[in-house]
Amino acid sequence: MSSEPTTGGHPPLVVVSGPSGVGKSTVVAEVLRRCPHVWLSVSATTRAPRAGETEGVEYFFTTPEEFAALVDGDGLLEWAEFAGNRYGTPRSAVEKRRAAGQPVLLEIEVQGARQVRKAVPDATLIFLAPPSEAVLRARLAGRGTEDPEAIRARLAAAEEELAAAGEFDYVLVNADVGECAAALVECAGLGGPSSG
């Protein structure tokens, strides 16, 4: 584990990953509140927009053909397929932000983090872990959005993802959102004049 992020002279590219239910979105939101100079990458997806979602805010909505062209043209840093839809990180947007001096944050799944590691070796990979499996189970059940079978499937996937924690530069236990966000800002080198 490195003690300093290696950025190769570029602003940090920070990947936040971890199992479903660990609180990635909540921690990332707190990091962005503390560090408004950081840009959260927007993923491209082939799934249809949901009510209230805006093009370029939650996602870039693409057709399957457009997405395939991005894959074929090496236009994505990483991509994966979930529930019949494809999701990926557009390479050009990330490169433009970093070239302009802006740190970039990606909130993606473990398999995507592995792809980013290969594509951008100076990226800092941070794995968020739950305090315990019981806490993770309670968080997934507490969402109230999935049936017990879906929760079991997510827990099984979480076990596989937790086994990958050693592949990351840092492993942070999300027991307290504020503390976890502060640790993430520090170890990823995201602090700046506008962080607080």
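One residue stands out among those in the range 127-150 that are outside any helix (DSSP H, G or I) and modelled with pLDDT under 85: the one that is farthest from the chain's Cα centre (by Cα), which is ASP147.
Candidates are the residues of the range 71-90 that are charged (D, E, K, R) and not in a helix (DSSP H, G or I); the one that is nearest to LYS118 (Cα to Cα) is GLU78.
Of all the listed residues (ARG98, ARG86), the sole one being under 29 Å from GLY166 (Cβ atoms), of a type outside the set (S, T, N, Q) and out of contact with any helix residue (DSSP H, G or I) (no Cβ under 9 Å at 6 or more places or on another chain) is ARG98. Each residue in the range 89-144 was checked for being at positive phi and among the acidic types (Asp, Glu), and 0 pass. In the range 110-126, the residue that is surrounded by the fewest Cβ atoms within 10 Å (Cβ to Cβ) out of those that are in contact with a Pro (Cβ under 9 Å, 6 or more places away or on another chain) and either acidic (Asp, Glu) or not in a loop (DSSP other than H, G, I, E, B) (or both) is ASP122.
Of the residues ALA48, ALA93, ALA68, ALA29, the single one that is assigned to a loop (DSSP other than H, G, I, E, B), of a type outside the set (S, T, N, Q) and either surrounded by 12 or more Cβ atoms within 10 Å (Cβ to Cβ) or in contact with a strand residue (DSSP E or B) (Cβ under 9 Å, 6 or more places away or on another chain) (or both) is ALA48. Counting the residues of the range 147-196 that are buried (at least 16 other Cβ atoms within 10 Å of the Cβ), among the aliphatic types (A, V, I, L, M) and out of contact with any Phe, Trp or Tyr (no Cβ under 6 Å at 6 or more places or on another chain) gives 14.
For the range 90-108, indicate whether the set of residues that are within 22 Å of VAL31 (Cα to Cα), within 13 Å of the chain's Cα centre (by Cα) and among the small types (Gly, Ala, Ser) is non-empty. Within the range 90-108, not a single residue is within 22 Å of VAL31 (Cα to Cα), within 13 Å of the chain's Cα centre (by Cα) and among the small types (Gly, Ala, Ser). If the condition is being farther than 24 Å from GLU30 by Cα and in contact with a helix residue (DSSP H, G or I) (Cβ under 9 Å, 6 or more places away or on another chain), then the range 158-189 contributes GLU159, GLU160, ALA164, GLU167.
Considering the range 171-187 alone, what residues qualify as being among the small types (Gly, Ala, Ser) and in a helix (DSSP H, G or I)? Once the filter is applied, which keeps residues that are among the small types (Gly, Ala, Ser) and in a helix (DSSP H, G or I), the range 171-187 yields GLY178, ALA181, ALA182, ALA183.
What are the residues in the range 151-196 that are among the acidic types (Asp, Glu) and at pLDDT 90 or above, if any?
Just the residues of the range 151-196 that are among the acidic types (Asp, Glu), to begin with: 159-161, 167, 169, 176, 179, 186.
If the condition is that a residue be among the acidic types (Asp, Glu) and at pLDDT 90 or above, then GLU161, GLU167, ASP169, ASP176, GLU179, GLU186 are the ones that fit.
The values are calculated or read from the model by the stated rules, or taken from the named source; none is laboratory data. Worth saying up front: this structure is predicted, and the values here are computed from it rather than measured. Cβ atoms come from the backbone with ideal geometry, glycine included; neighbour counts cover every protein chain shown.
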